[in-house]
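Notes for the one structure printed next.
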Amino acid sequence: MRLVLLGPPGAGKGTHAQVLSKEFEITHVSTGEMLREALRVSSPLGLEAKQYMDKGELVPDEVVMALVAERLSKPDAAPGFILDGFPRTRRQGEGLDRTLRGLRMPLDLVVYFKTSAEVIVSRLSGRRVCGQCGKNYHVKNFRPKVDGICDVCGRALVQRPDDREETIGHRLEVYEEQTAPLVEYYRKKGLLVEVSGDLDLGPLQAVLAGLFHQKGLLPAKA
Ligand code: AP5
């Protein structure tokens, strides 16, 4: 299965991509996570990206397009992949089309998580992430077993700098201006399906399972 998860910040793209990549045994490609990893190891790419990410701006198209093209040409992407947070501009969408044409790996589906502003703000302001392994939590929805500590690696949970309330509003503006037009871009290609990102995790997983079943996209173990 070759899938794009599209939607505003906090819609649940990363959370669902993690679940689906396990279920379908396919590669999860998150440009946000790739950039944060580059920052964790203080690479020049990470340090450059930080200037944009902390302000809620998009990293330049050329940078992320090159990252994704390289990642998708690796052997583990051949059986399928889930793109989370990419593409985010029309230019990135067109670049992805070219990359996938070259690899002869057309997209199966683009799932658009339509999400209300109220839900987005509550999810982002309550999100906490592990500073070490990047696992996501939420102060109300998905709490760790011990407050403030990652269940997986035992490190401290932190708030992403771009999840501060003063930055969230700007990220939403950037989304509306630069990313939302991709909804029509993929609708015109006949690839788009819309789900409600407002739903809780379980109900939304059930909606997605029904959708994949209907499209004949089945997990590797099925
Ligand atoms: P990125 O990391 O991609 O951030 P984003 O798109 O803003 O998405 P988020 O990670 O904020 O939200 P999400 O939809 O994944 O939600 P999540 O599942 O975590 O990008 C960060 C930055 O990197 C960008 O601003 C930009 O600077 C740069 N960048 C990345 N890609 C780029 C690109 N292609 N081009 C240019 N720049 C790029 O969920 C959020 C919270 O809600 C969590 O706490 C979770 O536990 C909870 N939650 C999730 N789903 C549910 C649910 N159904 N019910 C209850 N709680 C839920």
Worksheet item: Say the cut-off is 26 Å between C-alpha atoms; which of Lys13/Lys140; Lys189/Lys215; Lys188/Lys215; Lys114/Lys140; Lys50/Lys189; Lys13/Lys188 go over it?
Response: Lys50/Lys189
Worksheet item: When DSSP assigns beta bridges and you keep just the ones with both residues in the chain, what percent turn out antiparallel, to the nearest 5?
Response: 25
Practice prompt. Please work out whether the range 139-206 counts as rounded, prolate or oblate from its C-alpha gyration tensor, where a ≥ b ≥ c are the square roots of the eigenvalues and a/c under 1.5 means rounded, while otherwise a/b larger than b/c means prolate and anything else oblate?
Written response: oblate
Worksheet entry | Net dipole in debye of the chain [+1 Lys, Arg Cβ; -1 Asp, Glu Cβ; about Cα centre; nearest 20] | 520
Worksheet item: Put a dot 7 Å past each Cα toward the Cβ at Tyr52 and Val158; how far apart are the dots in nm?
Response: 2.1
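Where does each of Asp84, Asp61 land when they are ranked from fewest to most other beta-carbon atoms within 10 angstrom? Please report the intermediate quantities before stating the final value.
Values: Asp84 24, Asp61 17.
Going from least to most buried by this count: Asp61, Asp84.
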Worksheet item: Which of rounded, prolate, oblate describes the chain, given a ≥ b ≥ c as roots of the alpha-carbon gyration tensor eigenvalues and a/c under 1.5 marking rounded, otherwise prolate only if a/b is larger than b/c?
Response: rounded
Worksheet entry | Sites Lys114 and Val41 - FRET efficiency at Förster radius 35 Å, r taken between beta-carbons, to 0.05 | 0.50
Worksheet item: Taking springs between alpha-carbon atoms closer than 10 angstrom, which of Pro75, Pro87, Pro60 fluctuates most in the Gaussian network model of the chain?
Response: Pro75
Worksheet item: Between Val68, Val158, Val41, which gets the highest mean-square fluctuation from a Gaussian network model of the chain, Cα cutoff 10 Å?
Response: Val41
Item to complete: Please give the contour-minus-distance gain from Val146 to Lys189: 0.36 nm per residue of separation, less the Cα-Cα distance, rounded to one decimal in nm.
Response: 10.9 nm
Worksheet, complete the sentence: the chain, Gaussian network, Cα under 10 Å: of Arg101, Arg171, Arg91, the residue fluctuating most is Arg101
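Throughout, read-outs are computed from the coordinates displayed, never taken from laboratory work. In this text the structure is predicted, and so the values were computed from the model without any measurement. Cβ atoms come from the backbone with ideal geometry, glycine included; neighbour counts cover every protein chain shown.
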